[in-house]
Structures are given as C-alpha cells and as structure tokens.
Amino acid sequence: MKYFVTGGTGFIGKYLVERLLERGGTVYCLVRKESKHKFKELKASLAASDKKLIPVTGDLAKKNMGLRKADLEMLTGKVAHFYHLAAIYDLRASAESQMIANVEGTRNAVHAAIAMKAKCFQHCSSIAAAGKFVGTFREDMFEEAGDLEHPYFLTKHQSEAIVRKECTIPWRVYRPASVVGHSETGEIDKVDGPYYSFKVLQKMRNMLPPWFPLVGVDSGSFNVVPVDYVVNAMDHIAHKKGYDGKCFHLTNPDHYSSGELLNIIADAAHAPRFAIRLDTKIFSFVPNSLVSMLTKVPAVRKLIDSTLEGFGMPSDATMFFSWNTRYDNRDTEDALRGSGIEVPKLHSYAAKLWDYWERNLDSDLFIDKTLKGNVADKVIVITGAGSGIGLSSAMRLGEAGAKLIICGRTVEKLEDARKDIEAVGGEVHTYACDLSDMKSCDEFMSKVLKEHGRVDILVNNAGRSIRRAVEDSYDRFHDFERTMQINYFGALRCSLAVLPGMNERKSGHIINISSMGVVGPPARFSAYIASKSALEGWTRCAEAEFCDRDISFTNINMPLVKTPMIGPTKAYEYAPTLTPEEAADMVVDAIINKPSRITTGMGRAFQVLNLVAPKLAATTMNMPFRMFDEKKALEALDTSKPVAEPSAEQVAVAALMKGVHY
C-alpha cells in the first residue's frame, strides 16, 4: 500500500511514518528544498530503505503543493491514503504565517490529493477547531464552534472547513487534544501547551522544599494525550472501513483543571504541590469588560508579557486558562473498540515527560554557562584591580579571553597586576586613576571609550572602608565624605560614562561590588555601608529604567574578604573570611547569570531577619559590637603593641557570623 504524508518530518509525522512502514507500505513524504536535511535525519532514524521511504520535493504554499508534473503523474491513482499533518502550531507565530500554512496549505494539499486521485484524504486537525466553545463539543459538531479570535483557533477551523467543503474524494478528520511526549520515552520535539508550566514548577522546586504548600488558581479545562496514542489511533481508524466523512476526537476522557494538571506534573518533578487551589469563580464579581480593558492597557500588557517571558512562556499562553471546552469522543471509542488502543493515565507517564524535558529541552541547557562564552572578546573595565578582589577577578576574566581594562592609584601595583594577568594569557590595559577625584575619573573613562570604543561590562570594585563607631565619628564628617566620594560618586561617574553606549547598543552589564552590610547593616560601618547603600539604591532605579534594553545590573553583597583593605584591622586576623579567589567566583557568577543581586546564605538570612523582625536584627548586630570592644580595636591598630589573643567567646561569634563585618 502506498501513502503520501505532509509534515512527515514533524513530531507526529515521524511516528506516523514509522507505523506506516511497519505495515509494509511505501511512504512518500513531501519535503521542501530547505528541509532535505530533516528528511535524511528521519530516514536514518527509521533505518528505512530508499524504496520504502521516498522524498517528493514540493511546497505547501504553492498550487498542488508545488509538485512537479512528473511526480504528480507518477503518484496518480497509486496513493491509498493521503495524510495531511503539516501545520504551524506556535503561539509566537504571526497570523499571516499561520494563514498561509494552515489554511492555504490545506487547500493546496486537498487539491493535490484530488489531482493524484488518492483514495482517502486523512486530515489532522485539532480540538482548537472547536474554538472556545462553552460546554461539550461533539465529534459531529463543526459550525457550532465558539470564540475563534486567536489565529491558531481560526486557521485550524478554516482549514477543516476546506476539507469538508472542497475535498471531493473521501475524507476523515482527526482532532487531537494537546499532544505531549511519548508515554514510554517522554520524547517531545519542542516546548508548548502543558510544557509552558514546567519551568515555573522547576523554579519552585529549586526554591522551596517539596512539602511546602502552594496557593494557586484553578481554571481552564486541559485535555492532554501522548503522541503514541494519537498516531496509533489515527493509523487504526484510517485503515478501518465505513468511517469516511467523519470526525474523530483523539482526546482524553479525563479533563484536567490547571490545578490538577500542575499537581500531576509537580509530583513527577518532586516539586511543591498546589495545596490550595482557588476557583476563578470567586473573582466573578469583577466585570469581564473591566478585566479585558485592563489587560489591553500597554503598561499592564507589558508587565504580564514580561512576567510570562521570565518563565519562557508566550503571552498568548494565558488563553489556556480560560479554555473550558470539554470533548465527547464516542465515535473514536467506537472505532477503536477491540483494538487495545486507549489513552494512558497522565500520572502513569508524567515522570517520563518531565525527565525528557529536563534532560533535553529545558531552556537553561541552551544558555552558555561558560565564562569564556560570556566574556571572550568583550571589553571589561574593572576598577581597583591592582590587588584583592579586582585582581583575582581580572585574572579569571583575562584567562577566559576578555579584553581587560584595569585601573588603580598605584602604578607599581598596576604593573605587577598586568604581568600576572598576561602570565595566564590575558589581554590587559592599565590606567592610573584616582576614582575619588571626579576629574581623574572623567579623564579615565574618556580615554577608555576613545581608545577601545566601548565598554561591555563595568565592574565597580574600587572602594574605601572605614571601621569606626558613630559615637567616635561626631567630629569626623570627612569620613563620610571620603567613603561617599569613591564608593558612590566614583562608581556612579563610571556608570554614567558607559551607559550611553550600552543604551545605544542595547547591551551591557554593570556590576557593583557592594557589601553584605547593606542587607544586614553592622555596627562601626555607618560611613561605608551608607555609601554602598547609596550605590545600590541608584542601581535599582537604573535597572528599572534599562531592563527592557538588555542592560543588566548586579549588586554583589560581598562578605568579609581577606584583602589589603581589612589588613589594618587586627581583629579580623581571627575572623573567617573569603579569599579573593572565592570572591572572584561571585563576580563570575554575576557575569554568567546576570542576577539583580548575589549574596551569601548569611546575607539572605539577614535579609529575612530585617524584613520580619528589624528590631531583633539590630539587637543581633549589637552583640558583636559590644563584644569586640572599640577601644581595644583601636589599640590593635598600633602595631608596636602585641595583639591580644581573642577570647573563646569572640572566636565562636566570629565563626558563627562568617563574613559579617563587626
């Protein structure tokens, strides 16, 4: 038996072609010139011979599918079943492209099947052809379709209408539900339909323990079937006599609400379940006209789109939550009776769907997580890179292929840094600059932009720290001025210099080496923390303005690091600190992942504590303040006197509060 298949290299198509070959048939596949490689891959995967799986060059968008006259004559009178599977199912696709592929493509396929005198036209439609019908849609219903506003609903309805009205040879129509992966292997070719929820659940799983109860909204009526059921049912019914001119719902008898569907997938993913599911009917007091109006407001629409895109979900995916149609499939059940073909329960294969998605289609798998992939050939400015965090970060980035520009006040240190960076194969350019002097800062940035053309990443690392209690600073206003000058104004000056170019290119990243003290303000660092807080405050405002232009901002709440900056404070000799190399890991993390904030576990603990119990947080920080007496701390600065050994209590507190300034 001979078959002709459009969309044979697609997801459903390849399984159908495999079934037809297992029947011993000869399969002709419509293949566009641009897709010949896909046909070769299909043929190789099925180990099919040249005589059994044959490509026919054509194009659905053309009359008679663009078939050559010789090919059409060769096929005339020989094709028993013409399967039309080719279509666009992509919520991001334009209405025009869907009209061409789904509607005109079906018309051209129907006319080609008629021209070659095929015995039967087997059309793969979709439950979307029913639109948003309210209630139960039967297989013998068509004109009764509900809301067809979305291009996919409309084009699938119109394409089915063409089969019903223009196909003069026997035909059969199949309406699959949302097709997911194979029930035995989990294989799927792309993310759509129910898979849009997978990323959300994965993020929930990574943030929360499995037992954590979630609150969600229960809405929609989701119907899910695995690809193997769809193909087996279509193949069986197509070869059964007496069903011409009929439509078959290849649907699941079980319809799931959004909450039920998410919980099945959550169980498979070992993610938290939605323990409380709110029925959308509780919001029925809000007029639909008001909701419709609000969602069309540009600002609201942009917010919704941005939120959904953050989870890899197209904005049109929201329509699934208002899709409540149920599907009767009694004709399909009648045709399949005795065949052993039935829809497996979703929970029986959900784990396979999840596993295949996470191993093969998770969007994070396609993000370049290598440092080299993120910095190679990029111009990166690191301030204060003569030593410490700046130098360690520069070494890592230079080794990965970045074009480094480093600055500092001491020429000798910069020269030593240059030699270290070049020793690991890095390209580096040094500039002497005092970032506390605005004129010097402006001259530095002007030279950088003139000589290198652009700055892709700016790391504001240069800074000054002053450890002094407020009660010892009453007559030292200059301490606050000095820290603000370099930590805030210097960093701000550099940022304002690079932003115009980043804005023009719609690309860039500004990283601030801030302090853990910003999220858990310690005693004795009022001048330092105030300056870092000012920089973070400006950064958050700037991020709100530039986030839609692919310019990223990251504040790194750096814990205590063993650098020359903390050298004068002898008390820190006994404190657990990060090494500059460990600090550089945080900078690398910022460059690769581009989060708004990076902090340690202790930093996150202080964030929560300050949020829920700010008075307790202050009391907690007061403990080391009183324990590490300020007078003794000042005496420790006198190197001529021996440093007193810390008490066991002090060592214990320092270890417990690793990385915290005190």
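Of the cross-linked pairs Lys14/Lys199; Lys2/Lys51; Lys117/Lys241, which ones have a Cα-Cα span greater than 23 Å in the structure shown? Write out the running numbers ahead of the final one.
Details: Lys14/Lys199 27 Å; Lys2/Lys51 11 Å; Lys117/Lys241 18 Å.
From the list (Lys14/Lys199; Lys2/Lys51; Lys117/Lys241), the Cα-Cα distance tops 23 Å for Lys14/Lys199.
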> If we count every other residue with Cβ under 14 angstrom of Val27's Cβ, Lys/Arg +1 and Asp/Glu -1, where does the sum land?
Replying inline: +4
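Give me the net charge of Ser393's neighbourhood, meaning all other residues with Cβ under 10 Å from the Cβ of Ser393; Lys, Arg count +1, Asp, Glu -1.
Working: positive: Arg396; negative: Glu581, Asp585.
Residues close to Ser393 contribute a combined charge of -1.
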> Taking the Cα-to-Cβ direction at Glu41 and at Glu412 and moving 7 Å from each Cα, how far apart do the two end points lie in nm?
Replying inline: 6.1 nm
>> Highest mean first, how do 245-252, 354-361 rank when packing is the count of other Cβ atoms within 10 Å averaged over residues?
In response: 245-252, 354-361
> Quick one: if you stick a label point 7 Å off each Cα along the C-beta vector at Lys345 and Lys447, how many nm between them?
Replying inline: 7.3 nm
>> Expected output is a single nm value to one decimal: the length gained when fully extending between Ala275 and Ser596, i.e. 0.36 nm times separation in residues minus the C-alpha distance. What is it?
In response: 112.5 nm
> Lys240 label point, 7 Å along Cα→Cβ, cut-off 15 Å on backbone N: hits in the stretch 334-354?
Replying inline: 334-343
>> Taking amide H atoms as placed 1.01 Å from N in the peptide plane, list the residues 5 or more away in sequence, or in a different chain, whose amide H sits under 5 Å from that of Tyr327.
In response: Phe137
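Place the peptides 165-172, 129-136, 202-209 in order of packing, highest mean first, counting for every residue the other Cβ atoms within 10 Å and averaging per peptide. Write out the running numbers ahead of the final one.
Numbers: 165-172: 15.8, 129-136: 17.6, 202-209: 13.4.
Most protected by this proxy first, the peptides run 129-136, 165-172, 202-209.
Most exposed first by the Cβ proxy, i.e. fewest other Cβ within 10 Å, how do Tyr196, Tyr349, Tyr3 rank? Mind showing how you got there, number by number?
Details: Tyr196 17, Tyr349 20, Tyr3 23.
With the fewest neighbours first, Tyr196, Tyr349, Tyr3 line up as Tyr196, Tyr349, Tyr3.
For the residues Ser159, Ser94, Ser533, what sequence is obtained by ranking on other C-beta atoms within 10 Å, fewest first? Don't skip to the answer; put the middle values down first.
Numbers: Ser159 28, Ser94 11, Ser533 18.
Arranged by neighbour count, lowest to highest, Ser159, Ser94, Ser533 become Ser94, Ser533, Ser159.
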>> Let me check against my output: what whole-number percent is the relative contact order of the stretch 403-541, with C-alpha pairs under 8 Å and at least 6 apart?
In response: 26 percent
>> Take the residue pairs Lys40/Lys594; Lys33/Lys246; Lys203/Lys345 and return only those whose Cα atoms are more than 30 Å apart.
In response: Lys40/Lys594; Lys33/Lys246
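Can you tell me how much longer the chain between Val424 and Ser507 gets when fully stretched, taken as 0.36 nm per residue apart minus their C-alpha distance, in nm with one decimal?
Working: separation 83, 0.36 × 83 = 29.88 nm, distance 2.77 nm.
Net length gain for the segment: 27.1 nm.
Evaluate E = 1/(1 + (r/R0)^6) for Asp189 and Ser94, where r is the Cβ-Cβ distance and R0 equals 25 Å; express this FRET efficiency to the nearest 0.05.
Numbers: r = 21 Å, r/R0 = 0.83.
The formula returns an efficiency of 0.75 here.
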> Kirkwood hydrodynamic radius for the stretch 355-430: how many Å is it when counted over pairs of different Cα atoms?
Replying inline: 13.3 Å
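For Ala238, what is the net charge nearby, where nearby means another residue's Cβ is under 11 Å from its Cβ and Lys, Arg count +1, Asp, Glu -1?
On the way: positive: Arg19, Arg23, Lys119, Arg172, Lys240, Lys241; negative: Asp235, Asp244.
Counting the neighbours of Ala238, the net charge comes to +4.
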> Taking a label point 7 Å from the Cα of Met1 along the Cα→Cβ vector, which residues of the stretch 331-356 have an amide N closer than 17 Å to it?
Replying inline: 335-337, 339-341
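Rule-based calculations on the coordinates, nothing more; no lab input. Remember, predicted model here, so these are calculated numbers, not experimental data. In this analysis, Cβ positions are derived from the backbone assuming ideal geometry, glycine residues included, and neighbour counts consider all displayed protein chains.
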